Amino acid sequence: MQRLSNHTKAVLFSENLLEQQVMRRDNATVIMHLDYTLGRPRNDFGTPYGRMSGSKMLVTVRVGTRDNKEYYERLTMNESQTFTIVFNATYDEWGMLANYESATVVEGYIVGITENYDSDKAAEQSEQMTLEFSFLLTSMTYIGENDNNLTLNFVN
């Protein structure tokens, strides 16, 4: 299979982009896989009504074995957490977030974490691993151009 791009498509920040304007490349984690489903009740004619119902968001990131500590600490907090997902980010010469195509701020609870290594041998030798965590969504804010933001609050 041909590699289409070496460009990083999405990164995960542990901060809220709407509240913190300075985002450092050092604090970004590359997202390998992102999956979530949203639903809204519809009547017999297909017209949506009521509030959105959220689900779990599954996020897979590649982290160093020492970097996963933050996610485990957040899991034990048992309180709402906020993450920012930035798509097609560019950084300035000082490593600060300069521009991005779009972004999403998600809020909710980390409900599970799974660590994966390429193999058992790699677990002993590697400084990198794949970390997958389940995130129970309570709200999601799509950040658009010119501060056109759309916030969805979910019933869980």
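Brief remarks follow.
- Restricting segment 63-82 to residues that are assigned to a strand (DSSP E or B) and over 12 Å from the mean Cα position of the chain (by Cα), the residue that is modelled with the highest pLDDT is V63.
- Matching residues, segment 1-45, being closer than 23 Å to L152 by Cα, open to solvent by less than 60 Å² (accessible area, probe 1.4 Å), modelled with pLDDT of 85 or more and not aromatic (F, W, Y): A10, V11, L12, S14, E15, N16, L17, I31, L34
- Any hit, segment 46-68, residues being more than 26 Å from N116 (Cβ to Cβ), among the basic types (K, R) and open to solvent by 70 Å² or more (accessible area, probe 1.4 Å): yes
- Any hit, segment 112-119, residues being in a strand (DSSP E or B), of a type outside the set (F, W, Y) and either modelled with pLDDT of 90 or more or in contact with an Asp or Glu (Cβ under 6 Å, 6 or more places away or on another chain) (or both): yes
- In segment 40-58, the residues that are more than 17 Å from L137 (Cα to Cα) form Cβ pairs under 6 Å with partners that are open to solvent by 50 Å² or more (accessible area, probe 1.4 Å) and of a type in the set (D, E, K, R), at six or more places apart or across chains, as follows: P48/R40; P48/R42.
- Every residue from segment 29-58 that is within 22 Å of M129 (Cβ to Cβ) and in contact with a Phe, Trp or Tyr (Cβ under 6 Å, 6 or more places away or on another chain): M57
- Residues satisfying the stated conditions in segment 88-105, i.e. part of a strand (DSSP E or B) and open to solvent by 60 Å² or more (accessible area, probe 1.4 Å): T90, A98, N99
- Selection status of E132, among the acidic types (D, E), more than 13 Å from the chain's Cα centre (by Cα) and at pLDDT below 90: no
The values are calculated or read from the model by the stated rules, or taken from the named source; none is laboratory data. This is a predicted model, so every value here is computed, not measured. Cβ sites come from the backbone with ideal geometry, for glycine too, and all protein chains shown count toward neighbours. Note: areas computed on protein heavy atoms with side chains; ligands, DNA, RNA excluded. Shrake-Rupley method; radii C 1.70, N 1.55, O 1.52, S 1.80 Å.
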